[in-house]
Amino acid sequence: MPLSEDYSLSDEIHPIDIVETLAEHHAWDFDRVADDQIAMAVEGQWRGYSLTLAWSSADETLRLICTFEMEPPDGRLGALYEVLNLTNDLVWGGGFTYWTQQGLMVWRYGLLLSGGQVAAPEQIDQMIQSAVAACERFYPAFQLVAWADHAPEDAMKLAIARAYGRA
């Protein structure tokens, strides 16, 4: 059954209500921080990710940030920023940044719903899944650059390579 069938009787669905229902559906830990904001924990293959989604009625945007802790040695920050630039050249549905003071790697995305449009649950679910998938895909490259002293270009080869089949 499509996720959107739960919402077919109402035109006035708050995007954060949809996110809360998705979190319950996937059994993710979540906290409804405010009427227009929710925080969740999603477990990935490499690590756990903290996601926050917030609705801004002023510009009709559903904002998503997906974060994970990362505190590379100071001497590796330049290489980390370089691998971030290479990474962002490969992704179009969002982008990475590093918050130095918080020690957080951040994936950001904003879904514009101007003109009173309503996001479908499948659309929001895909937005969340894409954020986690991007973090999972590039996490090894970030780690190799920060902790194994790999050159950014070499670390990106791992993120670009796709494994096929199962062992």
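The values are calculated or read from the model by the stated rules, or taken from the named source; none is laboratory data. Because the structure is predicted, anything quoted here is derived from the model rather than measured. Don't worry about glycine lacking a Cβ; one is built from the backbone with ideal geometry, like all the others, and counts go over all protein chains shown. These accessible areas exclude ligands, DNA and RNA; they are computed on the full protein's heavy atoms, side chains included. Shrake-Rupley method; radii C 1.70, N 1.55, O 1.52, S 1.80 Å.
Is it the case that the stretch 56-71 has a residue that's open to solvent by less than 60 Å² (accessible area, probe 1.4 Å), at pLDDT 95 or above, within 30 Å of residue 147 (Cα to Cα) and more than 17 Å from the chain's Cα centre (by Cα)? Looking for residues that are open to solvent by less than 60 Å² (accessible area, probe 1.4 Å), at pLDDT 95 or above, within 30 Å of residue 147 (Cα to Cα) and more than 17 Å from the chain's Cα centre (by Cα), one finds none in the stretch 56-71, hence no.
Answer yes or no: is there a residue in the stretch 86-93 that is farther than 30 Å from residue 21 by Cβ, touching a strand residue (DSSP E or B) at 6+ places or on another chain (Cβ under 8 Å) and in contact (Cβ under 8 Å) with a residue 24 or more places away in the chain. Yes, the stretch 86-93 has at least one match.
Only one entry in 110, 93, 115 is out of contact with any helix residue (DSSP H, G or I) (no Cβ under 7 Å at 6 or more places or on another chain) and open to solvent by less than 70 Å² (accessible area, probe 1.4 Å), namely 110. Residues in the stretch 81-113 that are closer than 24 Å to residue 147 by Cα and of a type in the set (Phe, Trp, Tyr): 81, 96, 98, 99, 107.
Under the condition of being open to solvent by 30 Å² or more (accessible area, probe 1.4 Å) and in contact (Cβ under 8 Å) with a residue 24 or more places away in the chain, the residues counted in the stretch 123-135 number 1. Among residues of the stretch 16-31 that are at negative phi and small (Gly, Ala, Ser), those with a Cβ under 9 angstrom from a residue that is assigned to a strand (DSSP E or B) and surrounded by fewer than 17 Cβ atoms within 10 Å (Cβ to Cβ), sequence gap 6+ or separate chain, pair up as 23/29.
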